[in-house]
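The values are calculated or read from the model by the stated rules, or taken from the named source; none is laboratory data. Keep in mind it's a predicted model, so treat the numbers as computed, not measured. Glycine gets a Cβ as well: all are built from the backbone with ideal geometry, and neighbour counts include every protein chain shown.
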Amino acid sequence: MLDRLSRLLFPADPVQRALTFATMSASLSTGLFYSVSALYFTRVIGLEATTVGLGLTIAGAVGVVASFAGGYATERMGADRLQLWANAVQGLALLAYVFAANAVAFTLVACVAVGARSLQGTAKATVQARWFESSERVEIRARLRVITNVFIGLGTVLAGAALLVDTAAAYQATMVAVGLFAALATAPLAGLRRVEGFAAHMDAHLDVDRVPGPSPLRDRTYVTSVALNSVIAMQFGLTSVGVPLWIVTRTEAPEVVISLLLVLNTVFVALFQVRAARGTHDIGVAGRTVRRGSLLLAVACLLYGAAGSVGVVAAVALLLLAELLGSWAEIWCEAGGWGLAFELADPLSAGRYQGLSQTGYAIASMVAPALVTATAVDHGMPGWVFLAALFALTGTAVGVLARRAAARSPEVVLVA
């Protein structure tokens, strides 16, 4: 057990180790931010909740554009350089929240912070796609996701001190810590170019005489895969928005169950995400994994909905079972989605392909809260049935697409 933990936190590969340390620091920042940001924006800055929502929606749109543009930027300046500078800008932007005194300043800072985070996400995925071998990429991404979940949890625990004190000064100090932890993630990234062979490998695609690779927008298989997996990625809107609101407004379960479900999800992902990712570098396996996950997710949606029409004990039991199945679905869908994002991409245009993939996730993050609220939370069981059908049908379509892609020669690229 200790040996596995050591390999997770201190991997032998220097590039993976740098990405791991950066992820630790950035995730601590994220955990702190998630815990206190809403209270900071409303109580300290004095913004209305609707203003915060509008500002973050605008920032989300900027993030969508930045995710896509980041793919092209990696092929102009190098993926690792983009990740380094985007990380630094994000840290500074998060620190700037301390000085945001009105709605306009808040929105501008949010746009910079979210845009930089999106650029960084594309660059990070491109570094993994370019540096690591096919069989390593998904497992490494799974390990980084485990690190992300665990350290977000730790950040949430650390934020408890500010929540207990519940003063403007405590929230301001926490927001400073958010920016500092985000900026600290830049340090391990700065050493990547000292790794033997790394700089030359990352810069090989920057040669002006190199024939540019194909555009992912003309690759119908990849575009379809991104679109379908983006629909499934809206499952994260269930965890962050849908289920908490459902529990509070439409079930008899106590509010403390929300925290219990989040802890269950974090522990489940930490224990099983790496195992779920094994073999998903194979396109066929990846598609089947997404399909299985989507069907489990559909069952989870129906159980969440059923919790709204029973008593306290039954509601808690149904919610726990639904979260267990939903967490299982999450790790399968994520693992399969990563495999398809890496393996269906043309290596000559790795940056642009990963940029398109990250754009899909950004769109899902922006759309999911509104979709989940408008369906499940507003309409109850019929809304949950709609989401269940949506996820099941989308995951089945991913399985079909992956099977057909796997049947073709790896050299064949489907172009419009």
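For region 395-409, the criterion of being in contact with a Lys or Arg (Cβ under 7 Å, 6 or more places away or on another chain), of a type in the set (Ser, Thr, Tyr) and either farther than 23 Å from Leu82 by Cβ or assigned to a helix (DSSP H, G or I) (or both) is met by at least one residue. When Ala173, Ala142, Ala182 are screened for being assigned to a helix (DSSP H, G or I), assigned by TED's automatic domain parsing to the domain that holds Thr74, surrounded by 15 or more Cβ atoms within 10 Å (Cβ to Cβ) and in contact with a Leu (Cβ under 6 Å, 6 or more places away or on another chain), only Ala182 passes.
Within region 259-282, is even one residue surrounded by fewer than 22 Cβ atoms within 10 Å (Cβ to Cβ), of a type in the set (Asp, Glu) and more than 26 Å from Ser134 (Cα to Cα)? Checking region 259-282: not a single residue is surrounded by fewer than 22 Cβ atoms within 10 Å (Cβ to Cβ), of a type in the set (Asp, Glu) and more than 26 Å from Ser134 (Cα to Cα). Do we have Ala123 as assigned to a helix (DSSP H, G or I), among the small types (Gly, Ala, Ser) and farther than 24 Å from Leu262 by Cβ here? So Ala123 passes the test. Taken over region 48-80, the criterion of being closer than 30 Å to Ala190 by Cβ, free of Cβ contacts under 8 Å to residues at least 60 places away in the same chain and among the β-branched types (Val, Ile, Thr) is satisfied by Val62, Val65. Can you confirm whether region 19-42 contains a residue that is surrounded by fewer than 16 Cβ atoms within 10 Å (Cβ to Cβ), assigned to a helix (DSSP H, G or I), touching a residue at least 24 places away in the same chain (Cβ under 8 Å) and within 18 Å of the chain's Cα centre (by Cα)? So far as region 19-42 goes, yes, one or more of its residues are surrounded by fewer than 16 Cβ atoms within 10 Å (Cβ to Cβ), assigned to a helix (DSSP H, G or I), touching a residue at least 24 places away in the same chain (Cβ under 8 Å) and within 18 Å of the chain's Cα centre (by Cα). Only residues that are farther than 17 Å from Ala329 by Cβ and of a type in the set (A, V, I, L, M, F, W, C) were counted in region 263-306, giving 2. Of the residues in region 211-226, at least one is farther than 30 Å from Val400 by Cβ and either at pLDDT below 95 or out of contact with any Pro (no Cβ under 9 Å at 6 or more places or on another chain) (or both).
When the test is whether a residue is among the charged types (D, E, K, R) and either under 19 Å from the mean Cα position of the chain (by Cα) or surrounded by fewer than 19 Cβ atoms within 10 Å (Cβ to Cβ) (or both), Arg250 does not pass it.
Would you please name the residue that is surrounded by the most Cβ atoms within 10 Å (Cβ to Cβ), looking only at residues in region 66-117 that are among the aromatic types (Phe, Trp, Tyr) and farther than 19 Å from Tyr171 by Cα?
Step by step, filter region 66-117, then rank; the result is Phe68.
The lone criterion from (1) on the phi < 0 side of the Ramachandran plot; (2) out of contact with any Asp or Glu (no Cβ under 9 Å at 6 or more places or on another chain) left unmet by Gly279 is number (1).
From the list Ala314, Ala392, Ala402, Ala329, the one residue that fits, being touching a helix residue (DSSP H, G or I) at 6+ places or on another chain (Cβ under 8 Å), more than 23 Å from Gln120 (Cβ to Cβ) and surrounded by fewer than 17 Cβ atoms within 10 Å (Cβ to Cβ), is Ala314. Of everything in region 264-283 that is assigned to a helix (DSSP H, G or I) and of a type in the set (Val, Ile, Thr), the residue that is modelled with the highest pLDDT is Ile283.
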